[in-house]
Amino acid sequence: MATIEELNKTRVELREKLEQETRKVQELKGTAKREPIAKMSAEVVDSNPYSRLMALKRMGIVEDYEKIRSFSIAVVGVGGVGSVTAEMLTRCGIGKLLLFDYDKVELANMNRLFYQPHQAGLSKVEAAERTLREINPDVEFEVYNYNITTVDNFQHFMDRIRLGGKEKDKPVDLVLSCVDNFEARMAINTACNELGQSWFESGVSENAVSGHIQFIVPGDTSCFACAPPLVVATHTDERTLKKEGVCAASLPTTMAVVAGFLVQNVLKYLLKFGQVSYYLGYNALQDYFPTMRMKPNPQCDDTHCRKQQQLFQEREAAKPKVEVEKVEELAAVHEDNEWSIEIVSETTAEEAQAAQGDVPSLTHGVTVAYTKPVQQEADSSELVSNTELSLEDLMKQMQSL
Amino acid sequence: MVDEATKSTLAKIPLLKTKAGPRDGDLWIPRLKEEYQALIQYVQNNKESDNDWFRLESNKEGTRWFGKCWYIHELLKYEFDVEFDIPVTYPTTSPEIALPELDGKTAKMYRGGKICLTDHFKPLWARNVPRFGIAHAMALGLGPWLAVEIPDLIQRGVVTHKGSDQAKS
Ligand SMILES: [Zn+2]
C-alpha cells in the first residue's frame with residue numbers, strides 16, 4: 001500500500017510532467033510566441049525582454065536606448081558573420097533589418113552559429129527572417145534572395161539602401177557587409193560611394209584565424225577600393241599555407257568574435273557612446289587587435305570615391321572652426337618607401353616605388369594582400385586591334401568557330 | 001607562380017583597352033567588342049596548337065556568359081557547362097566562373113559551382129586592370145583548374161565518361 005506521502009510525491013511529479021507536456025504542445029502550435037511590444041520599458045520584470053538593455057540608460061552608458069527602434073540596417077550576406085550580426089541586432093531591438101543573400105542553408109554550414117539542421121534547403125534570408133521574428137516580433141524585416149553583384153539586381157539593391165529606412169523613403173542608417181568574397185565587397189563599396197552611404201565592412205580570413213571590421217564613411221575615410229585589400233598578419237607563412245584540396249576553412253569562434261566587434265561598433269555609432277573603431281583587426285593566433293584610421297586615397301580608382309572626397313572637403317570648409325581632438329590618421333597612400341626596400345645605387349626611389357606600386361601606410365600587424373606596381377605602357381602590338389566589325393558580327397564569328 | 005605554359009598562352013591573347021563595365025552605358029559596347037576579339041583570337045590560338053578546350057557566348061547585353069568546356073583524359077573527352085555573370089564592378093573584379101554540374105562534388109569550389117582560384121589569380125588580375133578580359137580569366141583561371149581537378153575527380157569516380165557504360169554525371 002502506498003503511503004499518503006508517496007501518493008503526494010507521485011501527484012507532484014505528474015503535475016510537473018503535465019506542465020512540461022503542455023509547454024511542448026504550445027511550442028509546437030506556436031502559441032508560446034512573444035507578443036509585440038509597443039513601447040520599450042525599463043521595468044525589471046521577467047516578462048520584459050528589454051529591461052537589461054534599458055538598464056544601460058540608468059547606468060549612464062547610453063543616453064537614449066529607445067532610439068534603437070528608429071534605425072534601419074541592411075545586412076548583406078547572412079552566413080557565418082551576417083546571421084549572428086542580424087541576431088544580435090534583433091535581440092537589441094533594432095527598428096528594421098534588410099537582409100540580402102542568394103545562398104541556401106546547407107548541412108555544411110552547421111559548424112557555424114544560428115542556422116539549424118531542419119532549415120537545410122531553405123534560402124538563408126527566409127530561414128533567418130523566421131527565426132528572428134520569433135525572437136523579436138518588434139523588428140521589421142525586408143529580405144531579398146538574390147546576388148547583388150549582377151546588373152539585374154544591383155539597381156534594386158541600391159534603391160533599397162536609398163529608400164529602405166525606418167521612415168518611409170529615407171535611406172537606411174548603415175549597411176553592414178558580411179559577405180565572403182571580393183566581388184560582393186566591391187559591389188557594396190560602389191553602391192555606398194555612389195549614395196554617400198556610411199557602411200561597415202567585415203571579414204574573416206580563408207584560414208579562419210584572423211578577421212577585421214572597417215568603418216567606411218565615403219569621402220572622409222579610405223574606401224574599400226582606395227588600397228589593395230588589407231590582411232591581418234598572423235605570421236603563418238603564406239607560402240606554406242596548405243590550400244590543396246580546399247577553398248576555405250571556418251570557425252564559429254572567429255566569426256562570432258568578428259560579428260561581436262561589428263555590432264558593438266554599430267551600437268556605439270548609432271547610440272552615440274564610446275569611440276567607434278575605423279579599423280579593428282583580429283589576429284586569433286596571437287590575440288592581437290590592431291586598430292587604425294585611414295584617409296581616403298585622392299587617386300582612388302572609384303570616381304565616386306573621389307567625388308565624395310571633394311564633397312567632404314567642401315562640407316568641412318563650410319563648418320565653423322572648432323577644436324577637435326587630434327586622432328592620428330594614416331594616409332591611404334604613402335609617398336615614402338615604406339617597405340624599406342633595399343635600394344641599389346642604379347635604382348632611384350621613384351623606380352623602386354613604381355615596381356612596388358602605392359603602398360598604404362598601415363599600423364603594425366596589418367598588411368596589404370598584394371601590391372599593384374605602376375602599369376607599363378602596353379606595346380600596341382599586344383593590344384586588340386581596332387575593328388570595323390559590329391558586335392553582332394563578332395558574336396556570329398565566335399559562334400561559328 | 002604561374003607556370004611557363006600558361007605564361008606563353010597568356011602572352012598570345014590580345015590585351016584590352018577600354019576600362020568599362022556593364023553599368024557604363026555606351027562605353028560597355030567597345031569593351032564588349034574587345035572581349036569578343038580577344039576570345040576569338042584565343043580560341044584560334046588554341047585550335048592552332050591543338051588544344052581547343054572551350055566555347056563561350058553571351059546574351060546580347062554581354063552580361064551573362066555560357067558555353068562548354070572540355071578536358072581530354074586518357075583519350076576520353078569530358079565536357080561541362082560553363083556559366084558566369086559579369087559583375088557590376090567588372091573589370092576591376094574578375095568574373096566568377098562556374099561549372100554548375102560539379103557543384104558539391106569537389107572542395108575546390110564555392111557555392112553555386114564557382115571555381116576556387118589560386119592565390120596568384122587575384123593579384124595578377126588586379127595588376128592588369130583593365131587589360132585582362134574574359135579570355136584571360138579562362139586561360140589563367142579555368143584552364144589550370146580543369147587540369148588539376150578533373151583528373152582527380154575522374155580518379156575518385158565522381159566524374160565518369162558520358163559515353164561509357166555508367167554514363168551519368
Ligand atoms: Zn576610395
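Tabulated data for the structure shown
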read-out: Condition check for A:Ser198: within 16 Å of the ligand (Cβ to nearest atom), more than 14 Å from chain B (Cβ to nearest Cβ) and surrounded by fewer than 22 Cβ atoms within 10 Å (Cβ to Cβ); value: yes
read-out: Enumerated strands (runs of 3 or more DSSP E) restricted to the stretch B:3-120, each holding at least 3 residues that are farther than 19 Å from A:Leu394 by Cβ; value: B:64-73, B:76-85
read-out: Residues of the stretch A:201-236 that turn out to be of a type in the set (A, V, I, L, M, F, W, C), within 13 Å of the ligand (Cβ to nearest atom) and open to solvent by less than 20 Å² (accessible area, probe 1.4 Å), as a count; value: 4
read-out: Unique match (being more than 29 Å from B:Ile86 (Cβ to Cβ) and not in a strand (DSSP E or B)) among A:Phe154, A:Phe114; value: A:Phe114
read-out: Scope the stretch A:74-111; condition in a helix (DSSP H, G or I) and not polar (S, T, N, Q); matching residues; value: A:Gly82, A:Val84, A:Ala86, A:Glu87, A:Met88, A:Leu89, A:Arg91, A:Leu107, A:Ala108
read-out: So A:Val78, is it within 20 Å of A:Glu140 (Cα to Cα) and β-branched (Val, Ile, Thr); value: yes
read-out: Number of the exception - A:Phe154 against (1) away from every other protein chain (no Cβ under 14 Å); (2) open to solvent by less than 10 Å² (accessible area, probe 1.4 Å); value: (1)
read-out: Residue count, the stretch A:87-136 (criterion: in contact with a helix residue (DSSP H, G or I) (Cβ under 9 Å, 6 or more places away or on another chain), open to solvent by less than 10 Å² (accessible area, probe 1.4 Å) and aliphatic (A, V, I, L, M)); value: 9
read-out: Residue identified as surrounded by 15 or more Cβ atoms within 10 Å (Cβ to Cβ), under 17 Å from the mean Cα position of the chain (by Cα) and more than 14 Å from every other protein chain (Cβ to nearest Cβ) among A:Val78, A:Val139, A:Val84; value: A:Val84
read-out: Qualifying residue in the stretch B:133-145 (condition: modelled with pLDDT under 90, open to solvent by less than 20 Å² (accessible area, probe 1.4 Å), part of a loop (DSSP other than H, G, I, E, B) and within 12 Å of chain A (Cβ to nearest Cβ)); value: no
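Conditions tested, residue by residue: (1) more than 9 Å from every other protein chain (Cβ to nearest Cβ); (2) among the small types (Gly, Ala, Ser); (3) open to solvent by 10 Å² or more (accessible area, probe 1.4 Å).
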position: B:Asp3; (1), (2), (3): yes, no, yes
position: B:Ala11; (1), (2), (3): no, yes, yes
position: B:Thr18; (1), (2), (3): yes, no, yes
position: B:Leu27; (1), (2), (3): yes, no, yes
position: B:Leu32; (1), (2), (3): no, no, no
position: B:Leu39; (1), (2), (3): no, no, no
position: B:Gln44; (1), (2), (3): no, no, yes
position: B:Glu48; (1), (2), (3): yes, no, yes
position: B:Thr63; (1), (2), (3): no, no, yes
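The values are calculated or read from the model by the stated rules, or taken from the named source; none is laboratory data. This one's a predicted model, so the numbers in the text were calculated from it and none came from an experiment. As a convention, Cβ positions derive from the backbone with ideal geometry for all residues, glycine included, and neighbour counts pool all protein chains shown. Keep in mind that these areas ignore ligands, DNA and RNA; they rest on the heavy atoms of the full protein, side chains included. Shrake-Rupley method; radii C 1.70, N 1.55, O 1.52, S 1.80 Å.
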